[in-house]
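> First the structure, then my questions, so here it is.
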Amino acid sequence: MSGILAHLKPENVFGYFEEITKIPHGSGDTKRLSDYCANVIRNAGLSCQQDEMGNLIAVKEAAKGYENVPTVMLQGHLDMVNEKTTESNHDFSLDSLELKTEGDWIFAKDTTLGGDDGIAVAYMLAILSDPDLKHPRLECVFTVDEEVGLLGANGLDVSSCRARYLINLDNEEEGIFISSCAGGVRVDQILPIQRMETEGKQYEIQMDHLKGGHSGSEIHKGHANANILMGRLLYELGLKEDEGFGLISCDGGQKDNAISRSCTAKVVTETDYETFSKNVLEVFEGIRKEYRHTEPDMEVKVVPVGEGNVWSMTPSSQMKVIFLLRMNPNGVQAMSHTMKGLVETSLNLGIMKTTEEEFTVCFSVRSSVESAKLDLVNRLTLLIEFLGGEAYLHGDYPGWEYQPQSRLREKMVQTWKDLFHEEAKVEAIHAGLECGLLLGKMPWLDAVSIGPNMEGVHTPKERLSISSTRKCYEFLIRLLEEIRE
Ligand SMILES: [Zn+2]
């Protein structure tokens with residue numbers, strides 16, 4: 001294979017990874033990648049089941065001498081989060097990602113890279129197509145639509161699977177063996193809105209260049225959420241005596257599980273551009289100062305977009321929209337008392353969008369404690385119902401509880417130490433992994449999640465470490481070789 005990663009070793013891993021980045025594979029759009037993988041696997045002479053959703057289960061029989069070792073399941077997801085910079089005109093349904101390397105890092109120009117979880121796909125394809133490896137019987141599971149509520153793992157039929165061990169390849173830090181994860185659910189609050197005809201000048205208030213990040217693994221970093229800040233800005237703007245405005249729309253964020261980096265509110269007012277713009281920037285200045293350390297690049301601008309008659313929200317609807325944005329809980333809600341530094345319960349207002357008749361906000365709610373998750377869902381439901389709207393739940397998935405005894409984890413810790421002369425760490429994460437769902441279907445599984453170093457996952461700044469990708473592959477190959485019971 002030739003390409004920008006062609007010089008990197010292991011060649012098969014980076015070769016497959018580059019091929020994967022050429023095939024569009026955002027959540028809900030994984031058919032092409034699923035077919036590509038099925039082809040690679042069948043061309044290697046292996047059996048591969050593809051279900052209607054596009055999930056794949058490939059089997060590679062045990063190498064000589066490993067016939068009596070329990071089956072190992074390797075697992076990762078096919079879909080990636082499609083995020084791009086505001087300036088980018090990348091078409092995620094058609095275009096290949098534009099790969100770049102810099103020092104030890106691989107990234108894609110202006111878009112997410114899909115190292116999450118393309119690297120798992122590349123690892124599995126490399127292992128499946130390499131006839132020289134020594135390992136027990138392998139079941140490689142490629143799931144679709146993990147990023148939009150673990151839909152593939154949820155729908156997966158595991159009746160043909162015999163694995164006793166599960167190595168999930170969806171972690172983002174080398175030498176960290178994840179042994180527990182949070183459960184989650186998406187909550188959509190839908191508020192009906194009324195409109196009235198209003199005359200005036202129309203402006204867009206645009207907020208942009210926040211850091212964003214993964215709503216699970218980065219929720220504790222103190223990054224601001226653009227949607228929440230816009231609610232605050234609109235509220236404080238309304239408090240200014242001379243500032244009356246009608247809200248036309250409020251839209252921001254693209255994914256419930258990404259911290260919103262930008263948003264836009266459209267308003268109508270009698271105030272002239274200069275005064276209105278000055279008022280907005282005055283209110284914003286207070287917010288900007290508060291966040292100057294965590295969000296130094298955050299920016300707000302006011303853009304005139306028209307004049308004349310327009311259907312803006314009635315004062316009552318507008319108040320409800322702003323009330324909802326101000327009063328909803330957001331961010332970290334509780335930290336774990338047993339695992340230091342672990343977020344136990346959180347939520348993220350990832351998307352807000354406005355249509356003619358409705359204002360919708362979408363949350364990603366997470367907790368490793370099922371009752372705490374339910375309590376947050378109840379609060380979101382109570383608030384929206386109080387305002388005359390409704391809450392809808394999607395993609396509820398269970399957490400993965402820590403197991404004090406794990407033969408697989410012990411073997412992994414030992415192998416890591418033997419190979420690299422350093423201690424691996426056993427941790428829990430505040431993000432969803434498919435392990436919870438797979439364990440629900442195969443309760444006897446002994447599971448651990450690993451992966452190479454990645455940064456900025458779910459943002460256009462996502463990047464994957466080359467040396468770490470190599471190191472984790474070396475570890476995986478050695479581990480499979482050394483699992484003998
Ligand atoms: Zn992932």
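> Can you compute the charge dipole magnitude of segment 134-270 about its Cα centre, using +1 on each Lys and Arg Cβ and -1 on each Asp and Glu Cβ, nothing else charged? Give it in debye, rounded to the nearest 20.
640 debye
> Then there's this: Please compute the Kirkwood hydrodynamic radius of segment 350-475 from all pairs of different C-alpha atoms, in Å with one decimal.
Radius from the Kirkwood sum: 18.3 Å.
> Still on this structure: For a quick protection proxy, order the peptides 392-404, 134-146 by their average other-Cβ count within 10 Å, most packed first.
134-146, 392-404
> Given the C-alpha atoms of segment 185-397, compute the convex hull and give its volume per residue in Å³.
112 Å³
> Using θ = phi - 60° and the Karplus relation 6.51 cos²θ - 1.76 cosθ + 1.60, list the HN-Hα couplings for segment 15-27 in order, rounded to whole Hz, with x at every Gly or Pro.
3J(HN,Hα) across segment 15-27, in whole Hz: x, 5, 4, 5, 4, 4, 6, 7, 9, x, 8, x, 3.
> Count the lysine pairs in segment 225-381 that are 8 or more places apart or on different chains: how many have C-alpha atoms under 14 angstrom apart?
5
> What's the carbon and sulfur percent of the chain's accessible surface, probe 1.4 angstrom, rounded to a whole number?
That fraction is 48 percent.
> Here is a further query. Taking the Cα atoms only, what angle lies between the long axis of helix 370-386 and the longest principal axis of the chain, rounded to 10 degrees?
20 degrees
> Listed highest first by mean packing, meaning other Cβ atoms within 10 Å per residue, what order do 51-62, 166-177, 415-426, 272-283 come in?
Sorting 51-62, 166-177, 415-426, 272-283 by mean packing, highest first, produces 166-177, 51-62, 272-283, 415-426.
> Continuing with this model, one more query. Just to be sure I understand: of the beta bridges DSSP finds with both ends in the chain, what percent are antiparallel, rounded to 5?
Given both bridge residues lie in the chain, the antiparallel proportion sits at roughly 80 percent.
> Kirkwood-based Rg over Rh for segment 22-71 (C-alpha set), two decimals?
Rg divided by Rh gives 1.10.
> By a straight-distance test (C-alpha under 17 Å), which lysines pair with LYS134 as possible cross-link partners, with residues fewer than eight away in the same chain excluded?
Filter leaves LYS60, LYS64, LYS411.
> Another question, if that's okay. When ligands, DNA and RNA are left out and all protein chains stay put, how many square angstrom of accessible area per residue does the chain have with a 1.4 Å probe?
Averaged over the residues of the chain, the accessible area is 42 Å².
> Using only Cα positions of the chain, each an equal point scatterer, no hydration layer, compute I(q)/I(0) via Debye at q = 0.07, 0.11, 0.12 Å⁻¹ and quote the log10 values to two decimals.
For the chain at q = 0.07, 0.11, 0.12 Å⁻¹, log10 I(q)/I(0) is -0.40, -0.90, -1.04.
> Another question about this same structure. Helix 31-43 versus the longest principal axis of the chain: what angle, 0 to 90°, nearest 10, using Cα atoms?
10 degrees
> Using helices alone, what [θ] at 222 nm do you get for the chain, with -39,500 (n - 2.57) per DSSP H run of 4 or more residues, divided over all residues and rounded to the nearest 500?
-9500 deg cm²/dmol
> I've got another one for you. Applying the Karplus parametrisation 6.51 cos²θ - 1.76 cosθ + 1.60 with θ = phi - 60° to the phi angles of segment 107-116, what ³J(HN,Hα) value in whole Hz is obtained for each residue in order, glycine and proline being reported as x?
Whole-Hz 3J(HN,Hα) from phi for segment 107-116: 8, 10, 5, 6, 9, 4, 8, x, x, 8.
The values are calculated or read from the model by the stated rules, or taken from the named source; none is laboratory data. Every value quoted in this text rests on a predicted model; they were computed, and no experiment measured them. All Cβ positions, glycine included, derive from the backbone under ideal geometry; neighbour counts span all protein chains shown. SASA here: full protein model, heavy atoms, side chains in, ligands and nucleic acids out. Shrake-Rupley method; radii C 1.70, N 1.55, O 1.52, S 1.80 Å.
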